[in-house]
Amino acid sequence: DGYARATGKVGVCIATSGPGATNLVTGIATAYMDSIPLVAITCNVGTSLLGKDSFQEIDIAGVVMPITKYSFIVKDVRDLAKVIRRAFSIAKSGRPGPVLVDITKDATANTTEYIQQVPDVILPDTAAITDEDLHTAAELIKEAKRPMIFVGGGAIAADASEELLEFAEKINAPVCDTLMGKGAFSGEHPLYAGMLGMHGTKYANFGVTHCDLLIAIGTRFSDRVFGNAAKFAQNAKVLEIDKNIRTTASVIGDVKEVLKRLNPMIGQYDHKEWVEHIEELKLKFPLKYNLDGLTGPYVVEEIYRVTKGDAIITTEVGQHQMWAAQYYKYSKPRQLLTSGGLGTMGYGLGAALGAKTARPDKTVINIAGDGCFRMNMNELATASRYNIPVIEVVINNHVLGMVRQWQTLFYDHRYSHTVLDDAVDFVKISEGMGAKAFRVTKMEEVEPAIRKALAMDEPVVLDCWIDQDLSVFPMVPAGASLNEVFDEEDMKNNEQSV
């Protein structure tokens, strides 16, 4: 999965029968939810033993049916090459996703003549793009006074960053993104307005609330984005595909191809007052955090500064994931690799190994939480064995931070099963698996530790201790509208008014 996200190519994983196959299920579901092209190859018992509850037999094709684009069972070695070719084609074409190929034991043991074949070129899906839809979109854009562009992971999958930049600059509109869309439009561009949704910026959430045309590009509008669907972008016409949000108009097709056709149809527009309004919101509601001690945002900002914004960042899932999305400015696509749709704790370290294998020229850093580190720390041994020089930065607050934050804000401080304060020493564990490891407890220790890790060219773990009660802000409560976004300052003002 990490290999596929870092390159845009099809990733491959292989597992044995029974429990080996079922161990892939969460990874396959992760790829399915985030539209990642993947071919998962599993093996099964011999054809004569199928359906007899044989040792380590499992109907893995049936198990993964809801979370794959297609599943194959190969019982004859003469079919194998054809099926593999088809699997790669299906995984990469249209909306990308995972494909399973299950091969019986006798098919792996038998032989056949192999005939080399050049893979077919997979062209973008353009069948549904119509001139009528494009003209409707162009007319809506022309009429808009306060347009806002909202970008998701589909723009990255389509390699549409150049076309998106041209589009945004032509219509002179602010651009916000999803977690999966990070880097499709540069976070360093003046028109960039941050991430939208539950932990998005106030200026992105208020911008979408006040815009008169929301242009959604390559996004499915997940519940973490729209909050309350009935109150989402109430003042705006929405240009996208009707799925989770009712839209005014839509253009269906490959994002890159749609923008290639749409850009020549629109003029150069000037929305100076609207853009200046968003700039004022940026100044009024900046992302900020406590500077009195070591925090997750400070660590992420230091990583951004030391790497000059040029690293590939993978993450696990939780508070650290949101801080990585908020405080690292992704200027290029395929820089942030993270589990968006499924929210898979344990995703990041394996993805980092895949990304570094795919892109050995890039610095690859996995930002993790201590809860997630416990789920996949054994992969440090893999990194050491193959000398894959990834850096693991553990934002260690000794709790399951995101769950604890919800327990604090919405469950009257009832902390159930979230405290991880025990005697486990991440530095010693990491060293025991062959990695170098350092503990960081003060702000002034962060930069030297990052520089030291970068210079080592081997697996390194930085165990960064932060306070257990730090929260991710801003925040939109689940089911609330985007204009109900709040931060710590709002909470203090509310307490004083009460």
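The values are calculated or read from the model by the stated rules, or taken from the named source; none is laboratory data. Keep in mind that this is a model prediction, so the values were computed, not measured. Positions of Cβ are generated from backbone atoms using ideal geometry, with glycine treated the same way; all protein chains shown enter the neighbour counts. SASA here: full protein model, heavy atoms, side chains in, ligands and nucleic acids out. Shrake-Rupley method; radii C 1.70, N 1.55, O 1.52, S 1.80 Å.
Yes or no: Leu140 farther than 24 Å from Cys13 by Cα and out of contact with any strand residue (DSSP E or B) (no Cβ under 9 Å at 6 or more places or on another chain)? It is false that Leu140 is farther than 24 Å from Cys13 by Cα and out of contact with any strand residue (DSSP E or B) (no Cβ under 9 Å at 6 or more places or on another chain).
Taking region 421-434 only, how many residues are assigned to a loop (DSSP other than H, G, I, E, B) and closer than 14 Å to Val394 by Cα? Quick ask: steps written out before the conclusion?
From region 421-434, those assigned to a loop (DSSP other than H, G, I, E, B) are 421-425, 433-434; that's our starting set.
From what is left, the residues that are closer than 14 Å to Val394 by Cα are 424-425.
Residues flagged as assigned to a loop (DSSP other than H, G, I, E, B) and closer than 14 Å to Val394 by Cα within region 421-434 amount to 2.
Please go through region 338-389 and give me each residue that is over 25 Å from Met33 (Cβ atoms), part of a helix (DSSP H, G or I) and not polar (S, T, N, Q), ordered by number. Matches in region 338-389: Leu380, Ala381, Ala383, Arg385.
Considering only region 103-219, give the helices (runs of 4 or more DSSP H) lying wholly within it that have at least 2 residues that are open to solvent by less than 10 Å² (accessible area, probe 1.4 Å). Reasoning before the result, please.
Numbers: elements: 105-109, 131-143, 153-157, 161-171, 202-210.
Those helices (runs of 4 or more DSSP H) span 131-143, 161-171, 202-210.
Please specify each residue of region 429-458 satisfying the condition of being in contact with a Cys (Cβ under 9 Å, 6 or more places away or on another chain), more than 15 Å from Phe373 (Cα to Cα) and open to solvent by 60 Å² or more (accessible area, probe 1.4 Å). Listed by number, the residues that qualify are Thr441, Glu445.
Would you say Phe285 is within 18 Å of Leu140 (Cβ to Cβ) and aromatic (Phe, Trp, Tyr)? No: the conditions fail for Phe285. Looking across Arg305, Arg404, one residue alone is part of a helix (DSSP H, G or I), in contact with a strand residue (DSSP E or B) (Cβ under 9 Å, 6 or more places away or on another chain) and open to solvent by 10 Å² or more (accessible area, probe 1.4 Å). It is Arg404.
Residue count for region 407-428 satisfying the condition of being surrounded by 14 or more Cβ atoms within 10 Å (Cβ to Cβ), touching a residue at least 40 places away in the same chain (Cβ under 8 Å) and over 17 Å from Cys464 (Cβ atoms): 2. Picking from residues in region 250-285 that are in contact with a Leu (Cβ under 8 Å, 6 or more places away or on another chain) and not in a helix (DSSP H, G or I), the one that is surrounded by the most Cβ atoms within 10 Å (Cβ to Cβ) is Val251.
Here is a yes/no grid of residues against (1) in contact (Cβ under 8 Å) with a residue 12 or more places away in the chain; (2) aliphatic (A, V, I, L, M); (3) closer than 17 Å to Tyr327 by Cβ:
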residue: Lys170; (1), (2), (3): yes, no, no
residue: Met180; (1), (2), (3): yes, yes, no
residue: Gly194; (1), (2), (3): yes, no, yes
residue: Gly197; (1), (2), (3): yes, no, yes
residue: Asp212; (1), (2), (3): yes, no, no
residue: Ile215; (1), (2), (3): yes, yes, no
residue: Val225; (1), (2), (3): yes, yes, no
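Mind telling me which of the residues Arg334, Arg359 ends up being basic (Lys, Arg), farther than 26 Å from Ser471 by Cβ and under 17 Å from the mean Cα position of the chain (by Cα)? Break it down into steps so the answer makes sense when it comes.
Values: Arg359 fails: under 17 Å from the mean Cα position of the chain (by Cα).
Checking each option against the conditions leaves just Arg334.
Against the definition (in contact (Cβ under 8 Å) with a residue 12 or more places away in the chain, surrounded by fewer than 21 Cβ atoms within 10 Å (Cβ to Cβ) and assigned to a strand (DSSP E or B)), how does Ile41 come out, yes or no?
Numbers: in contact (Cβ under 8 Å) with a residue 12 or more places away in the chain: yes; surrounded by fewer than 21 Cβ atoms within 10 Å (Cβ to Cβ): yes; assigned to a strand (DSSP E or B): yes.
Considered against the rule, which asks whether it is in contact (Cβ under 8 Å) with a residue 12 or more places away in the chain, surrounded by fewer than 21 Cβ atoms within 10 Å (Cβ to Cβ) and assigned to a strand (DSSP E or B), Ile41 comes out as yes.
Within region 450-487, the residues that satisfy the criterion of being within 30 Å of Asn205 (Cα to Cα) and not in a loop (DSSP other than H, G, I, E, B) are Met475, Leu482, Asn483, Glu484, Phe486.
Filter region 322-361 down to the residues that are polar (S, T, N, Q) and open to solvent by 10 Å² or more (accessible area, probe 1.4 Å), then identify the one that is nearest to Glu162 (Cα to Cα). Steps first, answer last, please.
So in region 322-361, the residues polar (S, T, N, Q) come out as 326, 331, 335, 338-339, 344, 357.
Narrowing the set further to residues that are open to solvent by 10 Å² or more (accessible area, probe 1.4 Å) leaves 326, 331, 344, 357.
Working: Gln326: 23, Ser331: 12, Thr344: 30, Thr357: 26 Å.
Applying the filter and picking the extreme gives Ser331.
Residues in region 1-24 that are part of a loop (DSSP other than H, G, I, E, B) and either closer than 21 Å to Ala358 by Cβ or open to solvent by less than 70 Å² (accessible area, probe 1.4 Å) (or both): Asp1, Gly8, Lys9, Val10, Ser17, Gly18, Leu24.
With respect to Ala229, determine if the residue is closer than 28 Å to Thr30 by Cβ, of a type in the set (A, V, I, L, M) and open to solvent by 30 Å² or more (accessible area, probe 1.4 Å). Lay out the reasoning, then the answer.
Details: closer than 28 Å to Thr30 by Cβ: yes; of a type in the set (A, V, I, L, M): yes; open to solvent by 30 Å² or more (accessible area, probe 1.4 Å): yes.
It is true that Ala229 is closer than 28 Å to Thr30 by Cβ, of a type in the set (A, V, I, L, M) and open to solvent by 30 Å² or more (accessible area, probe 1.4 Å).
If you check Phe150, Phe167 for being aromatic (Phe, Trp, Tyr) and more than 30 Å from Glu488 (Cβ to Cβ), only one passes: Phe167. Each residue in region 45-81 was checked for being under 16 Å from Asn110 (Cα atoms), in a helix (DSSP H, G or I) and modelled with pLDDT of 95 or more, and 5 pass. Out of Glu444, Glu392, one residue alone is modelled with pLDDT of 95 or more, part of a helix (DSSP H, G or I) and either within 23 Å of Pro297 (Cα to Cα) or out of contact with any helix residue (DSSP H, G or I) (no Cβ under 6 Å at 6 or more places or on another chain) (or both). It is Glu444.
The rows are residues; the columns are (1) over 24 Å from Asn23 (Cβ atoms); (2) not β-branched (Val, Ile, Thr).
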{"site": "Ala368", "(1), (2)": "no, yes"}
{"site": "Glu379", "(1), (2)": "no, yes"}
{"site": "Thr382", "(1), (2)": "no, no"}
{"site": "Phe438", "(1), (2)": "yes, yes"}
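When the residues of region 25-38 are filtered to those that are among the aliphatic types (A, V, I, L, M) and buried (at least 22 other Cβ atoms within 10 Å of the Cβ), the one that is nearest to Glu57 (Cα to Cα) is Ile28.
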